[in-house]
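First comes the structure, then the notes that go with it.
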Amino acid sequence: MSVRSSLLAILDQGACYGYQLRAEFDRRTGSTWPLNVGQIYNTLERLERDGLVEKGDVDEQGHVYWQITDAGSAEVREWLAAPVERAQGTRDELAIKLAVAATLPGVDLTAVIQTQRRASLRQLQELNRAKYAGASPDGPEELAWSLVVDSMIFAAEAEARWLDHTEQRLAQHPRRTMGLELSTETPKRGRPARSEATEAVR
């Protein structure tokens, strides 16, 4: 939804053709999430289908300009006014990997965590060393870039802290009590009952 809504918000500033729209998206996100042209046009076609944009003028080079409709402008206002709703439940690959690994007999979970910590800290160092390469270091494009990079830095720092926390929690449990053998019970049909903790993250 963020790509769709971001492209729509850019079009709310004025009509653009496909390559121009991609360049504008890159400018406003610090080129941290590059989009290919095919993705741009696929999104534009869906927006047109939904009545949010429409094809406009064609210039001498054959560029087809896309322009926003009144319904599209209304959706942009709604998007900007609404909070971002995080995905329900946890599907974080690292969290699932460690949760499963913690129940596997014979797995050296400390080694798994240390390997991940090294990778996370390496990414954090690279982010902290990153420098803006644009022409205007004090302009709005640099600000957009720094906002995105700051978000990635905070996420990497949080991951490193969570790994420390996980290692401390696991140290409180002897490995012999953590392994889960395959269950001999016949699974019941349907979804498993949700715990209160599971409901809290939905």
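The values are calculated or read from the model by the stated rules, or taken from the named source; none is laboratory data. Computed from a prediction, not measured in an experiment: that's the story for all the values here. Here the Cβ is made from the backbone with ideal geometry for all residues, glycine too, and neighbour counts use every protein chain on show. When the accessible area is computed, the model is the full protein with side chains, heavy atoms only, and any ligands, DNA or RNA have been set aside. Shrake-Rupley method; radii C 1.70, N 1.55, O 1.52, S 1.80 Å.
Of the residues PRO83, PRO187, PRO34, the one that moves most in a GNM of the chain with alpha-carbon contacts below 10 Å is PRO187. To test your reading of the geometry: what angle, between 0 and 90 degrees and rounded to tens, separates the Cα axis of helix 140-171 from the longest principal axis of the chain? That helix lies at roughly 10 degrees to the long axis. Computed from the Cβ-Cβ distance with R0 of 25 Å, the FRET efficiency linking ARG129 to LEU35 stands at 0.50.
The modelled label-to-label distance between LYS55 and GLN114, using points 7 Å beyond Cα along the C-beta direction, is 6.1 nm. Of the GluC sites (Glu not before Pro) in the range 16-94, which ones lie in a loop per DSSP and count no more than 11 other C-beta atoms within 10 Å? Here the sparse-neighbourhood loop sites are GLU60, GLU85. Comparing mean-square fluctuations of GLY62, GLY18, GLY38 from a GNM of the chain with C-alpha springs under 10 Å, the top value falls on GLY62.
Work out, step by step, the length gained on full extension between GLU185 and ASP12: first 0.36 nm times the residue separation, then minus their alpha carbon distance; give nm to one decimal. Walk me through the numbers before you get to the answer.
Values: separation 173, 0.36 × 173 = 62.28 nm, distance 5.77 nm.
Contour length minus the Cα-Cα distance gives 56.5 nm.
Residues whose amide H falls under 5 Å from that of CYS16, counting only those 5 or more places apart or on a different chain, are TRP66, with hydrogens built in the peptide plane. Note on the range 46-64 and the range 90-153: Cα centroid distance 38 Å, given to the nearest whole angstrom. When the chain is treated as a Gaussian network with alpha carbon springs shorter than 10 Å, the biggest mean-square fluctuation among VAL76, VAL84, VAL149 belongs to VAL84.
What relative contact order, as a whole-number percentage, does the chain give when Cα pairs under 8 Å and 6 or more residues apart are counted?
Numbers: 163 pairs, mean separation 46.1, N = 202.
It comes to 23 percent, rounded to a whole number.
A 1.4 Å probe over all protein chains sorts LYS131, LYS188, LYS97 by accessible area into LYS188, LYS131, LYS97, starting with the largest.
Counting only alpha carbon atoms, the long axis of helix 37-49 and the longest principal axis of the chain meet at about 80°. What's the angle, to the nearest 10 degrees (0 to 90), between helix 70-81's Cα axis and the longest principal axis of the chain? Value to nearest ten degrees: 40. Return the label of the correct value of volume of the Cα convex hull per residue in Å³, as calculated from the structure shown, out of (1) 197; (2) 126; (3) 137. Read-out from the structure maps to (1). All other residues whose Cβ lies under 11 angstrom from that of VAL149 are scored, Lys and Arg at +1 and Asp and Glu at -1, for a net of -1.
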